[in-house]
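S.K.: Here's a structure for you.
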Amino acid sequence: QVQLVESGGGLVQPGGTLRLSCAASGFTFSTYAMYWYRQPPGKERELVARISSGGSSTNYANSVKGRFTISRDNAKRTVYLRMNSLKPEDTAVYYCHVVLRAEDYWGQGTQVTVSS
């Protein structure tokens with residue numbers, strides 16, 4: 001019963017900042033890498049960021065590099081995505097993701113809309 005629950009999305013103006021959270025349960029959170037994906041309207045889902053199990057290693061899509069920061073708090077079983085300098089093209093549903101035993105698990109998603 002793996003569960004991932006995203007929160008923190010909303011409407012923000014270009015140049016603004018949001019922090020997304022993903023609360024995880026049902027597995028040993030601290031031993032797994034975590035991922036953020038997003039799906040813009042009418043487009044395919046794309047990888048945004050990855051963080052290693054201990055939080056020491058991170059990876060980002062080129063489109064968000066330098067603007068977004070992924071982090072995690074293993075004690076709180078939560079992974080975060082801080083999004084700075086938001087652009088309209090960042091508008092998407094953002095999903096938390098983990099791979100367990102070669103199986104993909106997804107949260108329900110949280111909507112981020114960047115518009116003036």
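S.K.: Have a look at Pro41, Tyr94, Val79 and report the one farthest towards the positive end of the charge dipole of the chain, computed about the Cα centre with Cβ charges (Lys/Arg +1, Asp/Glu -1).
M.R.: Selected residue: Val79.
S.K.: Still on this model: Once the whole set of protein chains is in place, how much accessible area is left on Arg77, using a 1.4 Å probe, in Å² to the nearest 10?
M.R.: Counting only protein heavy atoms, Arg77 exposes about 70 Å² to solvent.
S.K.: Pairs of Cα atoms under 8 Å, at least six residues apart: use those to get the relative contact order of the chain, whole percent. Don't jump to the answer; show the numbers that get you there.
M.R.: Details: 287 pairs, mean separation 42.4, N = 116.
Here the relative contact order equals 37 percent.
S.K.: Additional query: Please give the direction-averaged projected area of the C-alpha convex hull for the chain, in square nanometres with one decimal. Write out the running numbers ahead of the final one.
M.R.: On the way: hull surface 27.2 nm².
With every direction weighted equally, the projected area is 6.8 nm².
S.K.: Could you pull out every one of the lysines with an alpha carbon less than 29 Å from that of Lys87, ignoring same-chain neighbours closer than 8 positions?
M.R.: Once the sequence-local lysines are set aside, what remains near Lys87 is Lys43, Lys65.
S.K.: State the extension gain, in nm to one decimal, for the chain segment bounded by Tyr105 and Thr28, taking 0.36 nm per residue of separation less the distance between their alpha-carbons. Please list the in-between numbers first.
M.R.: On the way: separation 77, 0.36 × 77 = 27.72 nm, distance 1.37 nm.
Between Tyr105 and Thr28, full extension yields 26.3 nm more.
S.K.: Okay, next question. For the chain, with all protein chains present and a 1.4 Å probe, just round the carbon and sulfur fraction of the accessible area to a whole percent. Mind showing how you got there, number by number?
M.R.: Working: 2690 of 6070 Å².
Solvent-exposed carbon and sulfur of the chain make up 44 percent of the total.
The values are calculated or read from the model by the stated rules, or taken from the named source; none is laboratory data. Note that the structure is predicted; figures quoted are calculated from it, not measured. With ideal geometry, Cβ positions are generated from the backbone for all residues, glycine too; neighbour counts draw on all protein chains shown. Keep in mind that these areas ignore ligands, DNA and RNA; they rest on the heavy atoms of the full protein, side chains included. Shrake-Rupley method; radii C 1.70, N 1.55, O 1.52, S 1.80 Å.
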